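The values are calculated or read from the model by the stated rules, or taken from the named source; none is laboratory data. A quick note: this is a predicted structure, and the numbers were derived from the prediction, not measured. Note that each Cβ is placed from the backbone with ideal geometry, even for glycine, and that neighbours are counted across all protein chains shown.
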Amino acid sequence: MEQQILVGFHAIVARMRQAPDSLKTVYYDAARRDRRMKDFVETAQATIGRKLHLADTERLRQLAGHDRHQGVVAFAEPASLARNIAELLDSIGDKKPLLLILDGVTDPHNLGACLRVADGAGADAIIVPKDRSAQLNSTVSKVASGAAETMPFVAVTNLARAMRELQDAGVWLIGTSEDAEKTLYDIDLSGPIAIVMGAEGEGMRRLTKETCDELVSIPMYGGVESLNVSVASGVCLYEAARQRIVKSK
């Protein structure tokens, strides 16, 4: 199985909490003696024991491929929290799904930010196509600040087919489009839904757009015409979370 590189405190600590057995080797900077590093080493020693190793700054840079590693780098088996739509729906159980579907988001920084905001909003998973999409890597993991280790991430071969599978399970697909007549605030987002976002500029592909049950726009009140995909995802997911809280009272 191909190894995954985890870089930075958030990503590695999250993996130690969620799937410690998947960690194969963890390296830390022998020269760094601050409180954060001491806490990290104590946690790692208690969790993974002999898998923890000292390394100098140059060795860590080589392992991470850059200098922004915070003094900790790990190698792990990829953690797959859900491998397909059926497993995902089974893991959600009886609760109302809140999902984020990303079509054509190829920038790993954007994907990492989407994972982080989806985790913060309480989403159940992110779904992407295997082609024309960024996939989990060390850059995504670092930007996600631990969310890549906790948020189910499902890469599907055929996105339109996966969307229809969600529809068959009762999930309402809400696509985002600046041309939509209704806005995000005009519709009920409190039920089982998946927010569908396209790449910046290009938007969703035609078949993805046609498969959506409803299209909405995000109102823009200033001079800019659109939002970054991670920001737009956050706006939509948090509005859905807000509606669910209001409806539950």
I need the full set of residues from segment 126-146 which are surrounded by fewer than 23 Cβ atoms within 10 Å (Cβ to Cβ) and either at pLDDT 90 or above or of a type in the set (Asp, Glu) (or both), in order please.
Pro129, Lys130, Asp131, Ser133, Ala134
Considering segment 119-159 alone, what residues qualify as being under 25 Å from Ala64 (Cα atoms) and assigned to a helix (DSSP H, G or I)?
Asp119, Ser138, Thr139, Val140, Ser141, Lys142, Val143, Ala144, Ala147, Ala148, Glu149
Qualifying positions in segment 81-125 - farther than 24 Å from Val231 by Cβ and surrounded by 22 or more Cβ atoms within 10 Å (Cβ to Cβ):
Ile85, Leu88
Residue ranges of strands (runs of 3 or more DSSP E) in segment 21-118 with at least 1 members basic (Lys, Arg)
23-29
Cβ pairs under 8 Å, 6+ apart or interchain, first in segment 22-34 and among the hydroxyl-bearing types (Ser, Thr, Tyr), second surrounded by fewer than 16 Cβ atoms within 10 Å (Cβ to Cβ) and not in a strand (DSSP E or B), ordered by first then second residue, are Ser22/Glu77; Ser22/Pro78; Tyr27/Arg59
